[in-house]
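**Student:** Just dropping this structure here.
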Amino acid sequence: MNPLHTTEGLLQFGLRDRWYPLCPSEHVRPGQLTRLDRAGEELLLWRDAAGVVHVQEDRCPHRAARLSHGVHMGDRVACNYHGVQVDAEGTVVSVPGSPGCALEGRRVLRTFPAREHGGAVFAWFGLDESAPPAPLEVPEPIAGEEWAHFLCYVEWDAPYRYSLDNLLDPMHGAFLHRNSHTMFAGKREAVFQIRATDKGFVFEKTDQRGVNFDWVELTEGGAQWVTLDIPYPDTAGPGGPFTIVAALSAISEHRHAGFFWRCRKVSGWQRDSWRFLYRNRLEARHFAVLEQDREMAEAMPADAWDRENLYQHDIALVRMRRLLRAEAAKQAARLTEPAAPAPVPVA
């Protein structure tokens, strides 16, 4: 059985009916073909002559050769095996070895709806390939004109769910990152609460705010987003707290891509000042913090979830895991339900 048709497979590689970030936009260069594995799918990314990005299955509809080994032809891609040409809609537009054959004119290459936001390429992975995608609702810190942001992209050798756990765990900031320039202050004990929202929930400390990593929000807006605030010292320049918006996508069962938009609500000269300070001073410090998270995630054993002993600080993880498992089970049931029988013609 296709692992993406099972509950466990969907949990490992990502639920369907979601937008996933694939890579930074700059990784898909004009005139080139880019191969990626994301969310359990083998993908080809390319830009047409107008610069519009396209995401398709990396599989020639003729004999399944890799289109990523083919030739970029501006508005189409030609397979290098037999020259079969496919356009951005997934339609075979030319079979040079057999002009006019039945394959020409057929839309047979799986093509994923694609968008670009915040310097990243997103694609929609739908349960029903023929259904239109849901809107991609981008959080305000990325989409808002009053915000400035930088995208930090990483690839880690750990299941994506380990990073999701880490993001929904504010308490680790006071321990793992206690020597950083932003998470050195505040209490090292706390009681947490969950507050439901229209599209997810907020997990927050009940007795501390704006001192350390004190709250996090999980939202579903076509994609899964995690948003949190980190207080900034005065030396970080003008502006409010440091906001991080994160999204994750699986590369394989044991590797994932992480997208961390570093955001601040600043405009005018304050925006210029913060962007200068970030590039020249703050970025290296933020990467040092991220490296601590990477080292922790990559060192986790494969059976970490099987031998846990959770307590009150972990209630957000428990809720998130239950929500994901329930949705994965529903999607697996839909993917494996028998097809409706064809109508019997009336004599």
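The values are calculated or read from the model by the stated rules, or taken from the named source; none is laboratory data. Predicted model, so just to flag it, every value in this text is computed and none were measured. For neighbour counting, all protein chains shown are included, and Cβ atoms are generated from backbone atoms with ideal geometry for every residue, glycine included. For the accessible areas, the whole protein counts, side chains as well, though only heavy atoms, and no ligand, DNA or RNA atoms are used. Shrake-Rupley method; radii C 1.70, N 1.55, O 1.52, S 1.80 Å.
**Student:** Let me know the shape class of the stretch 154-233, please: from the alpha-carbon gyration tensor, a ≥ b ≥ c as square roots of the eigenvalues, rounded when a/c is under 1.5, otherwise prolate if a/b is greater than b/c, or oblate.
**Tutor:** oblate
**Student:** Could you work out how much longer the chain between Trp269 and Glu89 gets when fully extended? Use 0.36 nm per residue separation minus the Cα distance between them, nm to one decimal.
**Tutor:** Here the answer is 60.4 nm.
**Student:** Taking 25 Å as R0, compute the FRET efficiency from the Cβ-Cβ separation of Leu127 and Ser25 and round it to 0.05.
**Tutor:** Result of the calculation: an efficiency of 0.40.
**Student:** Please work out whether the stretch 1-132 counts as rounded, prolate or oblate from its C-alpha gyration tensor, where a ≥ b ≥ c are the square roots of the eigenvalues and a/c under 1.5 means rounded, while otherwise a/b larger than b/c means prolate and anything else oblate?
**Tutor:** Oblate is the answer for the stretch 1-132, as a/c is 1.5 or above yet b/c matches or exceeds a/b.
**Student:** Using r as the Cβ-Cβ distance of Gln193 and Arg107, and R0 as 51 Å, what FRET efficiency do you calculate, to the nearest 0.05?
**Tutor:** Efficiency at R0 = 51 Å is approximately 0.50.
**Student:** List the GluC sites (Glu not before Pro) in the stretch 26-124 that DSSP assigns to loop (not H, G, I, E or B) and whose Cβ has at most 15 other Cβ atoms within 10 Å. Which are they? Mind dumping the intermediate values first?
**Tutor:** Working: sites: Glu26, Glu41, Glu42, Glu57, Glu89, Glu104, Glu116; in loops: Glu89, Glu104.
When the GluC sites (Glu not before Pro) of the stretch 26-124 are filtered for loop state and at most 15 Cβ neighbours within 10 Å, Glu89, Glu104 remain.
**Student:** Which parts of the stretch 242-261 would a label at Asp303 reach, counting a residue when its backbone N lies under 19 Å from a point 7 Å out along Cα-to-Cβ?
**Tutor:** Once the point is set 7 Å along Cα→Cβ of Asp303, 254 turn out to lie under 19 Å by backbone N, inside the stretch 242-261.
**Student:** While we're on this one: Just the number, please: carbon plus sulfur as a percent of the accessible area of the chain, 1.4 Å probe, no ligands or DNA/RNA counted.
**Tutor:** Carbon and sulfur: 51 percent of the exposed surface of the chain.
**Student:** Residues of the chain: accessible area per residue at 1.4 Å, in Å²?
**Tutor:** Per-residue accessible area for the chain comes out at 49 Å².
**Student:** Then there is this: Scan the stretch 1-101 for chymotrypsin sites (Phe, Trp or Tyr not before Pro) in coil per DSSP, keeping those whose Cβ has at most 16 other Cβ atoms within 10 Å, and list them by number.
**Tutor:** Tyr81
**Student:** What GluC sites (Glu not before Pro) does the stretch 155-260 have in DSSP loop regions with at most 13 other beta carbons within 10 Å?
**Tutor:** Of the GluC sites (Glu not before Pro), the ones in loops of the stretch 155-260 whose Cβ has at most 13 other Cβ atoms within 10 Å are Glu189.
**Student:** For the stretch 189-258, what does the alpha-carbon gyration tensor say about shape, rounded, prolate or oblate, given a ≥ b ≥ c as the root eigenvalues, a/c under 1.5 as rounded, and a/b over b/c as prolate?
**Tutor:** oblate
**Student:** Running a GNM on the chain with Cα contacts under 10 Å, which residue among Gly200, Gly100, Gly31 ends up with the highest mean-square fluctuation?
**Tutor:** Gly100
**Student:** Protein chains only, probe 1.4 Å: how do His69, His149, His62, His172 rank by accessible area, largest first?
**Tutor:** Ranked from most to least accessible, the order is His69, His62, His149, His172.
**Student:** Let me ask another. Lys pairs in the chain, Cα-Cα under 28 Å, at least 8 apart or on separate chains: how many?
**Tutor:** The number of close lysine pairs in the chain is 5.
**Student:** Using only Cα atoms, locate the centre of the stretch 117-159 and the centre of the stretch 40-94, then give the distance between them in Å, rounded to an integer.
**Tutor:** First find each Cα centre; the distance between them is then 23 Å.
**Student:** Which one of Asp169, Asp303, Asp157 has the biggest mean-square fluctuation once the chain is modelled by GNM with Cα springs under 10 Å?
**Tutor:** Maximum fluctuation in the GNM of the chain, among the listed residues, is at Asp303.
**Student:** Here's something else I'd like to know. Using a Gaussian network model of the chain whose springs link C-alpha atoms within less than 10 Å, name the residue from Ala158, Ala88, Ala65 with the highest mean-square fluctuation.
**Tutor:** Maximum among the listed residues: Ala65.
**Student:** Turning to a different aspect of this structure: Just from its helices, what would the mean residue ellipticity at 222 nm be for the chain, if runs of 4 or more DSSP H residues each count -39500 (n - 2.57) and the sum is divided by every residue, rounded to the nearest 500 deg cm²/dmol?
**Tutor:** Working: 6 runs with 68 residues, N = 347.
Here the helix-only value at 222 nm equals -6000 deg cm²/dmol.
**Student:** Let me ask you something else. How high is the relative contact order of the chain, given as a whole-number percent (alpha carbon pairs under 8 Å, six or more residues apart)? Numbers along the way, then the final one.
**Tutor:** Working: 674 pairs, mean separation 65.1, N = 347.
Relative contact order, the chain: 19 percent.
**Student:** Continuing with the same structure: So how far, in whole Å, is the C-alpha centre of the stretch 309-337 from the one of the stretch 167-221?
**Tutor:** With the stretch 309-337 and the stretch 167-221 each reduced to a Cα centre, they are spaced 21 Å.
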